[in-house]
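Every number in this text was worked out from the coordinates using simple rules, so none of it is lab data. Please read these numbers as outputs of a predicted model, since none were measured by experiment. Ideal geometry is used to build each Cβ from the backbone, glycine not excepted, and the neighbour counts take in all protein chains shown.
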Amino acid sequence: MKKVMLIFGTRPEAIKMCPLVLVLQKHPAFETVVCVTGQHRQMLDQILNCFQVVPKYDLGIMQQQQTLFDVTVNILLKIRDILQAEKPDVVLVHGDTSTAFSTSLACFYLQIPVGHVEAGLRTYNLRSPFPEEFNRQAVDLISHFYFAPTENSRQNLLREGKPAEDVYVTGNTVIDALSTTVSENYSSPEIEWAKGSRLLLLTAHRRENLGTPMRHMFSAIRRVVDEMPDVKLIYPMHMNPSVREMAKRCFSGQERIHMIEPLDVLDFHNIMARAYLIMTDSGGIQEEAPSLGKPVLVMRDTTERPEGLEAGTLKLVGTAEQPIYDAVMELLADPEKYHEMERAVNPYGDGHASQYIAEILEKRLKA
Ligand code: UD1
Ligand code: UDP
């Protein structure tokens, strides 16, 4: 049996790695070891509970308002002994977080092969998203196996000279997760509250948007809700205190805005499926919404996910107040523009990405 260790630490990594954990655990060729860094605490545990994944190791590194130094150094120091004790045949990391970067670096120092799930996403702008563009490029520098979600991400890797025989297009495991969560007869108090209104769903948390850009984003949205009586907005707030402070400053006093705690992924996916429009600076939501046919205004200057833009479901609107306000108002006022974006497309695979990754690993580790 080959030992596969999966290491992750934040909410989006957990959402996209848990389906893979469940597939690998059932596979007779593998011994599966899960280690979480605890870069996130509550938001990570929420997902682990949802998928009923129990880690063997938990580094528990989260601190309030942690810096990139805190996260990177604490993971590096704590992961070394675990990797040396477990001696995995391969370590799987996900995406572009500090957890993925620090873990890969530790594996590189110990000469343990790394498989990168969601490899090859790029903006080629090291400042946006920050520090994720650096993280994902650095992880790809170190990796042995590349699990690219789309042909576009495969091409990025090939252009950078990664060996073609190590790059696989598998789809994105987020679609595996989505196929287990969305259900027809879902309801919740939030959905009941929004009945009869057009529901806007907001998420925002990016490090490079903290401060002024976030104030502009939130002010634009507040103006829209103030002016449009048939609109209600749900904002499951990220747990970063800087984000919460800004949200409370900009949204308090408007009854048609619900600022709530982070939602369970099952609730979030189902609310997303019932929203009229999504506004976000998140990465994962840009992958989920197109397959649900939900228009998304992406409040960022760049995106590493061109697939949804090409399909027409995503629109990049930047972080300045007036363009965001204009873009939301246009979609609320112009049904034709709205329907143009409302197309369901799924560039991210058939919901079996985890299975493909397991099959590839079985073949490669045997060899
Ligand atoms: C991290 C990732 C980002 C990803 C995001 C997903 C890096 C550099 N950033 O950013 O790529 O998009 O996660 O959400 O890896 N906090 C809690 N409880 C939690 C989670 C966070 O209290 O469960 C608070 C803490 O005060 C923490 C702060 O949020 O210090 C920021 O967390 P951190 O992981 O450093 O950054 P994110 O913005 O969440
Ligand atoms: N999500 C969730 N609950 C919420 C908000 C988001 O489960 O209240 C999910 C969402 O469906 C997506 C992921 O979290 O799968 C996105 O995480 P986040 O925006 O924190 O990170 P990013 O994708 O930007 O790295």
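Estimated at 0.36 nm per residue, the fully extended path between Glu310 and Gln65 surpasses their Cα-Cα distance by 84.6 nm. Couplings for the range 245-250, taken from phi via the Karplus curve 6.51 cos²θ - 1.76 cosθ + 1.60 with θ = phi - 60°, read 4, 5, 4, 5, 4, 8 Hz in order; Gly and Pro are left as x.
Each peptide among 302-314, 135-147 gets the average number of other Cβ atoms lying within 10 Å of its residues, and from highest to lowest they stand as 135-147, 302-314. Taking amide H as placed 1.01 Å from N in the peptide plane, the amide H of Val33 sits under 5 Å from that of Val4, Met5, Leu6, each at least 5 places away or on another chain. Taking a straight line from the alpha carbon of Lys337, these aspartates and glutamates sit under 14 Å away, with near neighbours fewer than eight places off in the same chain left out: Asp326. Within the listed set Val34, Val73, Val21, the Gaussian network model of the chain (springs between alpha-carbon atoms below 10 Å) gives the highest mean-square fluctuation for Val73. Using θ = phi - 60° in the Karplus curve 6.51 cos²θ - 1.76 cosθ + 1.60, the 3J(HN,Hα) couplings for the range 210-217 round to 4, x, 4, x, 5, 4, 5, 4 Hz; x is entered for Gly and Pro. Legend: calculated FRET efficiency, Leu141 to Lys56, from the Cβ-Cβ distance at R0 = 22 Å, rounded to 0.05, equals 0.20. FRET efficiency for the pair Leu266 and Gln111, taken as 1/(1 + (r/R0)^6) with r the Cβ-Cβ distance and R0 = 56 Å, rounds to 0.90.
Using the Cβ atoms and a cut-off under 13 Å, what net charge is assigned to the surroundings of Ile260, where Lys and Arg are +1 and Asp and Glu are -1? Walk me through the numbers on the way to the answer.
Numbers: positive: Lys232, Arg244, Lys248; negative: Glu190, Glu261, Asp264, Asp267.
Counting the neighbours of Ile260, the net charge comes to -1.
Between the alpha-carbon centres of the range 85-100 and the range 110-129 there is a gap of 12 Å. GNM on the chain, alpha-carbon springs under 10 angstrom: the most fluctuating residue among Gly60, Gly293, Gly196 is Gly196.
Under 1.5 on a/c is rounded, so check that first for the range 4-135, then, if it is not, pick prolate when a/b is larger than b/c and oblate when it is not; a ≥ b ≥ c are the square roots of the alpha carbon gyration tensor eigenvalues. Because its axes are fairly even, with a/c under 1.5, the range 4-135 counts as rounded. Reported to the nearest whole Å, the Cα centre-to-centre distance from the range 36-76 to the range 209-247 is 26. Modelled label positions at Arg127 and Gln254, each set 7 Å beyond Cα in the direction of Cβ, lie 2.9 nm from each other. Close amide H partners of Leu233, meaning residues 5 or more places away or on another chain with modelled amide H under 5 Å apart, are Leu200, Ile257, His258. Across the range 46-63, rounded Karplus estimates of 3J(HN,Hα) from the backbone phi angles (6.51 cos²θ - 1.76 cosθ + 1.60, θ = phi - 60°) give 4, 6, 4, 4, 4, 8, 6, 9, 10, x, 6, 10, 9, 6, x, 8, 4, 10 Hz, Gly and Pro being marked x.
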